[in-house]
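Read the structure below first, then the notes.
The values are calculated or read from the model by the stated rules, or taken from the named source; none is laboratory data. The structure displayed is predicted, hence computed values, not measured ones. Cβ sites come from the backbone with ideal geometry, for glycine too, and all protein chains shown count toward neighbours. Just the protein is used for accessible areas: all its heavy atoms, side chains included, with ligands, DNA and RNA removed. Shrake-Rupley method; radii C 1.70, N 1.55, O 1.52, S 1.80 Å.
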Amino acid sequence: IDNVPGMLTVARRKAEDALLAPRLVLTDVREFELHSRFHLIFFAHNSMGHLHTLADLQACLRCVHAHLANDGLFVIDMWNPLPPLLAVTPTVRGGIGGYVDHTGVRVEVTETSLYDDAEQMLHRVWHLTRATGEEKSVQFKTRVLFPQELEHLLVLNGFAVRAKYGNFAKEAFTTGSRQQLVVCTKAVA
């Protein structure tokens, strides 16, 4: 599911390259009806952070709950908002990574950010620098979800947290973990 057609185009291209045929749906995660139940629902790479308000998060979780099979798993991959990551100097660029674009040109991605603790939002600018030297900036913001807050939000919306890891190697979530990988099921009444 995505509400940006271009993202579904990229997903379709990658799926075709991998000889996969997923069902890709253009809709909003806050209000969808797919007339199916799923054994796995996965929110990858901080995508829950694009839901900025409590109302957005709860609407999404209601839809997920309605679409999760009774024995299904709901997995959330979120970064852990460690204080040093939130307290960066807004003018200093940090490395994000890079990729080769559709024309074959290497693009390096760096980020500047500013954390607003009142709204619990990270205001971010990604600087995309092509190997040719041209640069483009993309501004967006992401909701910061602290570990206890995320767990409480899940429980209050009908989920039971079955496991929580600090990374995809299934290492325990501990102080200093950079990632929150939360595995949930529907709560048993």
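Structure above, values below:
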quantity: Local net charge near I96, Cβ-Cβ under 13 Å (Lys/Arg +1, Asp/Glu -1); calculated: 0
quantity: Built amide H within the under 5 Å cut-off of G72, gap 5+; calculated: K186
quantity: Cα Rg over Rh - segment 94-189, Kirkwood; calculated: 1.11
quantity: Pairwise FRET efficiency - H127 versus D56, Cβ, R0 = 25 Å, nearest 0.05; calculated: 0.40
quantity: The chain: C-alpha gyration tensor shape, a/c 1.5 cut-off, then a/b vs b/c; calculated: oblate
quantity: Sequence-separation-based contact order of the chain, relative, with Cα cut under 8 Å and 6+ spacing, percent; calculated: 19
quantity: Computed FRET value (nearest 0.05) for R106 with F146, which takes r as the C-beta separation and R₀ as 30 Å; calculated: 0.25
quantity: FRET efficiency, 1/(1 + (r/R0)^6) with R0 41 Å, evaluated for A163 and T89 via beta carbons; calculated: 0.70
quantity: Inter-part distance where segment 47-68 and segment 122-158 are each reduced to a Cα centre, Å; calculated: 16
quantity: Alpha carbon centroid spacing (whole Å) that separates segment 163-185 from segment 87-112; calculated: 26
quantity: Probe 1.4 Å - accessible area at L24, Å² to nearest ten; calculated: 50
quantity: Environment charge at V75 (Cβ cut-off 13 Å; Lys +1, Arg +1, Asp -1, Glu -1); calculated: +2
quantity: Stretch gain in nm, segment H45-L20, where the contour uses 0.36 nm per residue and the Cα spacing is subtracted; calculated: 6.9 nm
quantity: Whole-number accessible area per residue in Å² for the chain, which is evaluated in the context of all protein chains at 1.4 Å; calculated: 60
quantity: Percent carbon-and-sulfur accessible area, the chain, ignoring ligands, DNA and RNA, probe 1.4 Å; calculated: 57
quantity: Length gained when the stretch M7-R178 is fully extended (0.36 nm per residue, less Cα-Cα span); calculated: 59.0 nm
quantity: Local electrostatic count at L51 - Lys and Arg +1, Asp and Glu -1, tallied over other residues with Cβ under 15 Å; calculated: -3
quantity: Cα gyration tensor shape of segment 1-90, rounded if a/c is under 1.5, else prolate or oblate by comparing a/b with b/c; calculated: oblate
